[in-house]
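Note sheet for the following structure.
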Amino acid sequence: MEQINDLINIFTEIQKNRILDIIIAVVIIILSIMMSSFLAFLTIKIFKLKEKHVKVKNHPLYKSIKGIFFLIGMYFAILVLKLPEDWFGVCKTIVRILIILKIAKTVETLIAVDSKFIRKIKESNKVDEKDTLIKILSKFGKYGVYIVAGFLIISELNYDISSLVTGLGLTSVVIALAAQNLVGSLLSGIAIASDKPFIIGDFVKINSYEGTVTEIKFRCTRIRTVDDTIVTIQNSTITSSEVVNYTQMTKRRHDITLNLPLETKSEVLEKVKNKLKDILEAEESVNKDSVRIYFDNIYSDGMKIKIYLYTTIINYDDFLEFKTRINLLIIKALETENIKISYSGKNVYLV
């Protein structure tokens, strides 16, 4: 009530100099409204010389910078009004807090993942659009900006920051112990983003899970498995596990074991071996230098022929089609020589 009475007394005891102060304050506010647009335009234009007038007005930083200049004008208007100490302190604090928030918002817009500033960093460093490290650093940057802004606001409200920091220091140990897994996953997320064992879109195997990476966050990574289910894996688990990235393969290996009958003659075996080598090397998607065919061993159920080859086909579905085609070619080659695949069996005697 005392502050309200003080305000009433201000208006009842207006003198000529007070009227002049009010007029000057109003002029400053009007000028700040008019000049804030121009100053914001000029600020962006300095750093964006090639930008057209219309584009500058649509720039994501335009409104934030305009708001900062307007609030600075309001601050000077409050100084000119010479309000009572209590009211002056409240108004000054409010305006300064608004300026801090506006500056924080401007910096946040500047370091956003989709901002022009970050895009230029990506282009200059040839960073992939899917680079998770940029996204993580951008998010950490935003949190950092608002943490600093929070401390500045606390300072503006006349709280002792040093005692607050000391208090945070005492409780940080408790918080760290309670959130060890969370902190570990966050640090692991940064490690994954920097080391890049995989990126979004890669087909990977992590422990017993195989699938396509759909999302990489601070705490966890999500993959869509071949069963079309989403699996969420803690980043701390990933960094302590073996990760197989099939997308980064340059070739795939195909192994085949043929079990031929024991009565197969040696000249037929030699003929089949040479014929299979010619057929496989003639395949366009087969690495010709990688084809290996060996007479591995003789067992009681047949003679083992081992075939090894590499293909440039990486996509898993295409690789399955490739194996089907190769296996059919081998079967047809055996059929032309009247050779049947042998299999293990048991003789059963009835007594």
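Structural remarks
- Surface calculation, 1.4 Å probe, protein heavy atoms: E215 sits at approximately 60 Å² accessible.
- Rounded to the nearest whole Hz, the Karplus-based 3J(HN,Hα) values (6.51 cos²θ - 1.76 cosθ + 1.60, θ = phi - 60°) of the range 322-330 follow the sequence 4, 4, 4, 5, 5, 5, 5, 4, 5, with x at glycine and proline.
- Proximity of backbone amide H atoms, modeled 1.01 Å from N, is registered between M303 and L260, L262 at under 5 Å, excluding neighbours fewer than 5 places apart on the same chain.
- Pairs from K288/K340; K271/K340; K275/K340 whose Cα-Cα separation, in the structure shown, is over 18 Å: K288/K340
- Solvent-accessible area of Y294 with every protein chain in place, 1.4 Å probe, in Å² to the nearest 10: 110
- Amide H contacts under 5 Å for C220, placed H, 5+ residues apart: N235
- Residue by residue, the range 283-295 carries 3J(HN,Hα) couplings of 6, 5, 8, 9, 6, 4, 6, 8, 5, 10, 10, 10, 7 Hz when phi is fed to the Karplus relation 6.51 cos²θ - 1.76 cosθ + 1.60 (θ = phi - 60°); x denotes Gly or Pro.
- For the range 248-265, Karplus couplings with θ = phi - 60° (6.51, -1.76, 1.60), whole Hz, Gly/Pro x: 7, 5, 9, 7, 10, 9, 10, 10, 9, 10, 9, 10, 8, x, 5, 7, 5, 6
- Heavy atoms of M303 accessible to a 1.4 Å probe, total area in Å² rounded to 10: 10
The values are calculated or read from the model by the stated rules, or taken from the named source; none is laboratory data. Keep in mind the model is a prediction, meaning the values are calculated, not measured. The accessibility values were calculated without ligands, DNA or RNA, using every heavy atom of the protein model including side chains. Shrake-Rupley method; radii C 1.70, N 1.55, O 1.52, S 1.80 Å.
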